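Each remark here refers to the structure printed beneath this line.
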Amino acid sequence: MTHSLLNPTRRGFMAGTAAIAGTAAFGIRPASAAVNWKKHAGTTLEVNLVKSPRSETLLKYIKEFEDLTGIKVNAEATPEQQQRQKVVIELSSGRPSFDVVHLSYHVQKRQFEKGKWLADISGFLKDPSLTDPSLTESDFAEAGMQFAKDSDGVLRSLPFSVDYWILYWNKELFEAKGLKYPQTFDELVTAAEALTDPSTNTYGFVARGLKNANTPVWTSLMLGYGAAPIVNGKIDTTTKEAVEAAKLYQRLMTKSAPPGVSGFNWAEAQSAFLQGKIGMWFDGVGFAPPIENPEKSRVVGKAGYGVMPKGPAQQAAGTFGDGLGVVEASQKKEAAYLFCQWAISHEMGARLLQAGAGVPFRQSILEDAKVREGVKMPAEWLDAVVGSGKVSKLALPVIIPVTEFRDIYGVGLTNMIGGADPEAELKKATEQFAPVLARSEG
């Protein structure tokens, strides 16, 4: 999909101004006048995006960026797997065909760092002629900055959209049992088991049981124990905390989950929750819109959205996300940075959130009362998003072989649903994964 700069006519400008005025009611702010947006007028940028509701939102408004800057944008959005392969091939060649790249932090961050593929943009961020004064590091959720900076603390991208894992819960089922939303892991287990009644086909808890897809469920639980699967490059998956998290996963998935859960990915878990017979469902915030859609859901108006309960060591919301970076090989770095900045601006973040297409990493957008008025999801969903941002922690290790990590441990977790011993399964998976990690970092 290619967009070009048309001659900006007075009528077009007026229409654009009217459109901005019309959206102001929902907290859309015009671009900062302090920034010299026209500095690179006449430049053409090539932008490589992952096809998703997030990139569709960017493509929809790209003409506004072109009019604002005089920069022509050729943007291509390709499906995730295809895009990941293409960018690695091109970036490895040293002659990529794009200036801006969309990356999935929880899969590609370490690989991009190792390849030195992204430009250092920290200087641009500090330049008042290039950066809107409202764009500051402190405005991003902590996990966003962890993602965006390399291992030396250098800013290599701008955090675009975040996915926090939250607990969806069925208020009607909770009320019928006189239960309150769980505040701790212990209360989570107690509620899940109290809500489970196989004779009425009602189950207290559902999450991903399918191998690979299930690994983030366990690593998110690990965060509550104050642990992470890999610490300073060393595998920490046989520790007491890792085993406790795996036992908790096993207990929830065997005592309170529906039959066949070992074959569930997010779609099956979502579908079960929408039927109204599941007490709690643990997964990403981005899966919420169908819950409030009467054509798809039996729980419209009955669903609650909550921040992950506190574990024995801490309260933590497992966090995943994507960003936009300026390619090191690009000859148009400043222009590319302007595009990245526009894409994560207050205005575009508000549109992303209001469309239910994604959640910006910037807390100021999430906390803006005007922006909130335009959000179609319930206020409680937004509160869960904001609350999760305050306790956000990376839920997957920042390593090159993330897929292999998910595959190997995922098999062990699925085996646990079948009754296998958590400690033995983690030991086996750790032995299998160690050489894979060693090879990748070599």
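The values are calculated or read from the model by the stated rules, or taken from the named source; none is laboratory data. Since we're looking at a predicted model, the values are computed, not measured. In this analysis, Cβ positions are derived from the backbone assuming ideal geometry, glycine residues included, and neighbour counts consider all displayed protein chains. Quick note on the areas: whole protein, heavy atoms, side chains included, nothing else; ligands and nucleic acids left out. Shrake-Rupley method; radii C 1.70, N 1.55, O 1.52, S 1.80 Å.
Could you please find all residues in the range 21-62 being of a type in the set (D, E, K, R), at pLDDT below 95 and closer than 16 Å to PHE339 by Cα?
ARG54, GLU56
Looking for something over 30 Å from THR219 (Cβ atoms), assigned to a loop (DSSP other than H, G, I, E, B) and out of contact with any strand residue (DSSP E or B) (no Cβ under 9 Å at 6 or more places or on another chain) - is there at least one such residue anywhere in the range 81-99?
The answer is yes; a qualifying residue exists.
Looking at (1) more than 22 Å from LEU179 (Cα to Cα); (2) open to solvent by less than 50 Å² (accessible area, probe 1.4 Å); (3) of a type in the set (S, T, N, Q); (4) at pLDDT 95 or above, which is the one condition that is false for SER271?
(2)
Restricting the search to the range 147-165, which residues are outside any helix (DSSP H, G or I), of a type outside the set (Phe, Trp, Tyr) and open to solvent by less than 10 Å² (accessible area, probe 1.4 Å)?
Scanning the range 147-165 gives LEU155, SER157, LEU158, PRO159, SER161, VAL162.
Just to verify a result, which residue in the range 307-332, among those that are open to solvent by 10 Å² or more (accessible area, probe 1.4 Å) and of a type in the set (A, V, I, L, M, F, W, C), is farthest from ALA269 (Cα to Cα)?
ALA329
If you take the residues in the range 423-438 that are without any contact (Cβ under 8 Å) to a residue 12 or more places away in the chain and within 20 Å of VAL398 (Cβ to Cβ), which one is surrounded by the fewest Cβ atoms within 10 Å (Cβ to Cβ)?
Filtering first and then ranking leaves PRO435.
If I filter the range 131-142 down to residues being at pLDDT 90 or above, under 28 Å from PRO397 (Cα atoms) and not polar (S, T, N, Q), which single residue comes out as most open to solvent (accessible area, probe 1.4 Å)?
Going through the qualifying residues, I end up with GLU137.
Per-residue answers, yes or no, for (1) in a loop (DSSP other than H, G, I, E, B); (2) hydrophobic (A, V, I, L, M, F, W, C); (3) modelled with pLDDT of 95 or more:
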{"residue": "VAL300", "(1), (2), (3)": "yes, yes, yes"}
{"residue": "MET308", "(1), (2), (3)": "yes, yes, yes"}
{"residue": "GLN314", "(1), (2), (3)": "yes, no, yes"}
{"residue": "GLY318", "(1), (2), (3)": "no, no, yes"}
{"residue": "LEU324", "(1), (2), (3)": "no, yes, yes"}
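Name every residue in the range 77-103 that is over 21 Å from the mean Cα position of the chain (by Cα) and of a type outside the set (Val, Ile, Thr), in order of residue number.
Scanning the range 77-103 gives LYS86, GLU90, LEU91, SER92, SER93, GLY94, ARG95, PRO96, SER97, PHE98, ASP99.
Can you tell me how many residues in the range 267-297 are under 18 Å from GLY387 (Cα atoms), in contact with a Leu (Cβ under 9 Å, 6 or more places away or on another chain) and among the β-branched types (Val, Ile, Thr)?
Residues in the range 267-297 being under 18 Å from GLY387 (Cα atoms), in contact with a Leu (Cβ under 9 Å, 6 or more places away or on another chain) and among the β-branched types (Val, Ile, Thr): 0 in total.
Would it be correct to say that GLY304 is surrounded by fewer than 22 Cβ atoms within 10 Å (Cβ to Cβ), assigned to a strand (DSSP E or B) and touching a strand residue (DSSP E or B) at 6+ places or on another chain (Cβ under 8 Å)?
Yes; evaluated as a whole, the condition is true for this residue.
Could you tell me whether LYS247 is open to solvent by 20 Å² or more (accessible area, probe 1.4 Å), in contact with a helix residue (DSSP H, G or I) (Cβ under 7 Å, 6 or more places away or on another chain) and assigned to a helix (DSSP H, G or I)?
yes
Taking the options TYR168, TYR181, TYR203, name whichever one is more than 23 Å from the chain's Cα centre (by Cα), buried (at least 19 other Cβ atoms within 10 Å of the Cβ) and over 21 Å from PRO397 (Cβ atoms).
TYR203
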